[in-house]
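Encoded as structure tokens, the structure appears first; notes follow it.
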Amino acid sequence: GKGDYFAVVMPDGQNRSVLISQISKRRSQLPFTKPKGLVQSVIFHPSKPFLFVATQRHIRIYDLMGQNLVKKLISNSQWIATMDVHPGGDNLLVATYDRKVLWFDLDLSTKAYQTLRLHGSAVRGVSFHKRYPLFASCSDDKCIIISHGMVYNDLMQNPLIVPLKRFQDHKSYNDFGVFDVRFHPLQP
């Protein structure tokens, strides 16, 4: 949250596949002696000292202070591409190469709350907006889909997910489409 730490993924690094670096002290550390699978993506929780680690088929949530596994999420997909955490910290978006976007409610279950099949090809990137109830996904089908994803403060009320807009004026290159999508930090 303060920007002093960043995490790096090296998929072919075996026991050195995840590095966490601290900028102020100019040092790096290896959080895992042996990761449980081929690491695809890592991301920090927005407010807690948690690290989300996506391997090929599962997402594991680790507590960095307690140095233990908090939760293991089951994706039921063949290959995870990347993920993004909601600014509130209780929801997770996961992009998969088998054309799905998975929405996990971390308080609800270890399985996906909703599976969105919006794309016709591998989904390469997902992103939550930091201020607005929006999220986006991009794919090799040359499309970016913007969706409304309202998360309520009431824990008894499920998130509202509605696809809004499809942008498809992109060009493909060697059968690849759009690789990543990010929102402006302030503007919609």
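The values are calculated or read from the model by the stated rules, or taken from the named source; none is laboratory data. Nothing here was measured: the structure is a model prediction, and the numbers come from that model. Neighbour counts are summed over all protein chains in view; Cβ atoms, including those assigned to glycine, are modelled from backbone coordinates with ideal geometry. Protein only, heavy atoms only, side chains kept; ligands, DNA and RNA dropped before computing areas. Shrake-Rupley method; radii C 1.70, N 1.55, O 1.52, S 1.80 Å.
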Check: For Cα extents along the principal axes in Å, the choices are [x] 47, 35, 27; [y] 55, 44, 39; [z] 45, 43, 33; which was calculated from the structure?
Finding: [z]
Checklist line | Net charge of Cβ neighbours under 13 Å - reference Val101; Lys, Arg +1; Asp, Glu -1 | finding: +1
Next item on the list: Work out the length of the dipole vector of the chain about its Cα centre, built from +1 on the beta-carbon of each Lys and Arg and -1 on the beta-carbon of each Asp and Glu, and round it to the nearest 20 debye.
Entry: 400 debye
Next item on the list: Would you mind calculating the relative contact order of the chain from Cα pairs under 8 angstrom and at least 6 residues apart, reporting the percent as a whole number?
Entry: 11 percent
Checklist line | Accessible-area value, Met10, 1.4 Å probe, nucleic acids and ligands omitted, Å² | finding: 80 Å²
Margin query: Can you compute log10 of I(q)/I(0) for the range 1-57 with the Debye formula, treating each Cα as one identical point scatterer, at q = 0.20, 0.30 Å⁻¹?
Written below: -0.73, -1.29
Check: Could you give me the ³J(HN,Hα) list for the range 81-90, computed from phi with Karplus coefficients 6.51, -1.76, 1.60 and θ = phi - 60°, whole Hz, x at Gly and Pro?
Finding: 9, 7, 7, 8, 9, 4, x, x, x, 9
Item checked: Protein accessible area in the chain, 1.4 Å probe - carbon and sulfur % -> 51 percent
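Sort Trp103, Trp79 by accessible area with a 1.4 Å probe, largest first. Present the calculation step by step, with values, prior to reporting the outcome.
Values: Trp103 0, Trp79 95 Å².
Descending accessible area places them as Trp79, Trp103.
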Note to self: Taking θ = phi - 60°, what integer Hz values does the Karplus form 6.51 cos²θ - 1.76 cosθ + 1.60 yield along the range 173-179, in sequence order, with x for Gly and Pro?
What the structure shows: 9, 6, 6, 9, x, 9, 8
Check: At what distance in angstrom do the alpha carbon centres of the range 14-54 and the range 97-131 lie from each other?
Finding: 22 Å
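For Ile59, Ile144, give the ranking by accessible area with the largest first, probe 1.4 Å. Walk me through the numbers before you get to the answer.
Working: Ile59 0, Ile144 25 Å².
From most exposed to least exposed: Ile144, Ile59.
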Notebook entry, point to check: For the residue pair Asn68 and Arg16, what label-to-label distance in nm results when each label sits 7 Å from Cα along the Cα-to-beta-carbon direction?
Noted result: 3.1 nm
Margin query: Give the lysines reachable from Lys2 as a straight Cα distance under 17 Å; neighbours fewer than 8 places away on the same chain don't count.
Written below: Lys25, Lys48, Lys130
Next item on the list: Would you mind getting the accessible area per residue of the chain, heavy atoms of the protein chains only, 1.4 Å probe, in Å²?
Entry: 58 Å²
Margin query: Using the Karplus curve 6.51 cos²θ - 1.76 cosθ + 1.60 with θ = phi - 60°, what ³J(HN,Hα) values do you get for each residue of the range 8-22, in whole Hz, with x for Gly and Pro?
Written below: 10, 10, 10, x, 8, x, 6, 6, 10, 6, 10, 10, 10, 10, 10
Notebook entry, point to check: Between rounded, prolate and oblate, where does the range 30-105 land on the alpha carbon gyration tensor, with a ≥ b ≥ c its root eigenvalues, rounded for a/c under 1.5, else prolate if a/b exceeds b/c?
Noted result: oblate
